[in-house]
């Protein structure tokens, strides 16, 4: 008799989802699905609002990386107000936005690694759930936990000084920004008392990377083999191919590293990317049009970015990238748990970027905003912590938004997450009649590696608990486990 | 020289010129009585009731009540502050006020009053009325979702020859402030900016220039409304 296992809700990710695993009569996994069951509808209710409200309104999708939505919307509106397509701002305008974005990347990645994922590494996937959380980390490894908390705080302070407040600020406006960085703010971030300064963040970022690399060394089989599969990878890169999370062109490579999207202008993203709707999830499935639904899906996020870029423009991160690349002999890395490795290299890169950018006197300039000839359509793309983020707006003759299309990072990772869940289910649940805590968490670990924000992906609000349901071949639920 | 009179507001001894309203006299003596529809230079109407006070155990509006010698005014009492808070709550539930995405946030008098009276969740059910936006003027947007019908725009925004840009339309629950279509199309830039400035909420929005003031530099970011008056 076949069975279906449902994991709902999935914990320690943002949002709410559930996993269903279908077993065949022999108890083997025949199918699995990550269902996203929330719906919010930002794309619809922003219609009719004045366009300049979008960066402030749409960022309310999320409280973890609202800066990404804030900046992606602002970049789209830069186009609409005639301020170029990503490189037309004043020096202070672009650099303040970059600083804001780097700060957010830093805090979001740190939150994910230290608060959400490190418990799995410290206590094992099947560790006691009572201690397998951030509180357990504090008790087990106080120094690591304190670093995680303070690093996140530092990132939040960067956001506060650039966006006005730590969550849901207003810094980016169409055509620029509404404040520069005062000398006092700069000095606080650059040379703040220990540990709240830029140099310490670089040092701690290297420490976090070492922590993961040491874990990797002693758990090679798990880290390399867990939910490992080849895929395409998509990311924005700077025009010269450098890793860049603020502006650039769209590039994708296949599992062998061959370019399948060659540095395209994202203003035309809809020529290259299409979204498929499936009737069991509110989250769409994007794919590269020219490759079709079956072959065109891709990964985004830290792993994809490091697979796609040509180099990282800071010395310590570049050195780490070379080591990362050498591990797979220069081929794209398809190992899901290496997302964490890639994420921590990005944390180091952000720390270096913040430290260097803070020394740039352009941040104190006064020419905050530029405007040109108004356009009716604008697309803004940014690399959010979780991957490539698309914001597309069109306005009517009265300056009201008439169309909004958002393809968020987690949506881009929809098919990879489903694939990862499927592989994990097969390795942990084939031939099993009972759902154990460890099995449930293994599926979660696979999802969590992608750091999904299901709230953003469906433009939905909520917590993300987990339910696992086991269903037989007649679609009758024969077992269910929740937490 | 005008005649001087003395009266009390709560524990404060107030010295006023004869002819001043209670609100004006209070302000001149460093006592804050909350207002919303009242606007300096415009004849008070007492329509929002935010300045409700008690004189001889009767509810009055301080913006329309002339100060008189020896009067005993109750203003900052639990009862009156709760009435004011309930008025703020009523305004919130009868409109669609979403502060997080409103560019008047931080400069909005309604929001500032809600903070001052520590409004958390309104005691009344939200009405979520269906209201529209008039964005047809090249200079401003009139967002009916946020309008509190205070008439400040009607009374203060006029053409040089005295014609009104704004007017009431309909009655009862359908009452709304509308912008004259022809005048709205010809509205000079300075007038549009003044209209936004005079609106206590985010109902009149100057086009294409949102969120210019960074957080921390907005009117009510650092100090609550009324603190510029209070001694």
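FYI, it's all coordinate maths here, none of it is from the lab. Being a predicted model, the structure only gives us computed values, none of them experimental. When we count neighbours, we look across all protein chains shown, and the Cβ atoms used for this are built from the backbone with ideal geometry, even at glycine.
A few points about this structure:
- Computed E for residue A:366/residue A:165 - FRET, C-beta separation, R0 25 angstrom, nearest 0.05: 0.70
- Taking 0.36 nm per residue of separation and subtracting the current Cα-Cα distance, fully stretching the chain between residue A:276 and residue A:242 would add 9.2 nm.
- Packing-based exposure ordering (other Cβ within 10 Å, fewest first) of B:121, A:92, A:58: B:121, A:92, A:58
- Over chain A, Cα pairs under 8 Å with separation of 6+ residues give a relative contact order of 31 percent.
- Each label point was placed 7 Å from the Cα along the Cα-to-Cβ direction; for residue A:398 and residue A:375 their separation is 2.5 nm.
- Cβ-Cβ distance of residue A:196 and residue A:322, R₀ of 30 Å, FRET efficiency by 1/(1 + (r/R0)^6): the value works out to about 0.50.
- Seen from all directions on average, segment B:64-198 presents a Cα convex hull projection of 10.9 nm².
- Residue exposure sequence - B:92, A:229 - by fewest surrounding Cβ within 10 Å: A:229, B:92
- Fully extending the segment from residue A:149 to residue A:290 would add 46.4 nm, taking 0.36 nm per residue of separation and subtracting the current Cα-Cα distance.
- Packing, as the average of other Cβ atoms within 10 Å across residues, places the peptides B:224-230, B:194-200, A:303-309 in the order A:303-309, B:194-200, B:224-230, highest first.
- In terms of its C-alpha gyration tensor, segment A:33-142 comes out oblate, because a/c is 1.5 or above while a/b does not outweigh b/c.
- Straightening the chain between residue A:138 and residue A:436 buys 104.7 nm, computed as 0.36 nm per residue apart minus the Cα-Cα spacing.
- Averaged over the residues of peptide A:52-58, the number of Cβ atoms from other protein chains lying within 10 Å of each residue's Cβ is 5.
- Nitroxide proxy distance, nm - points 7 Å out along Cα→Cβ at residue A:329 and residue A:479: 4.0 nm
- Directionally averaged projected area (chain A, Cα convex hull): 21.0 nm².
- Packing-based exposure ordering (other Cβ within 10 Å, fewest first) of B:155, A:319, A:217: A:217, A:319, B:155
- Theoretical FRET efficiency, 1/(1+(r/R0)^6), r = Cβ-Cβ of residue B:185 and residue A:91, R0 35 Å, to 0.05: 0.35
- Listed peptides A:248-255, B:158-165, A:407-414 by packing density, highest first (mean Cβ within 10 Å): A:407-414, A:248-255, B:158-165
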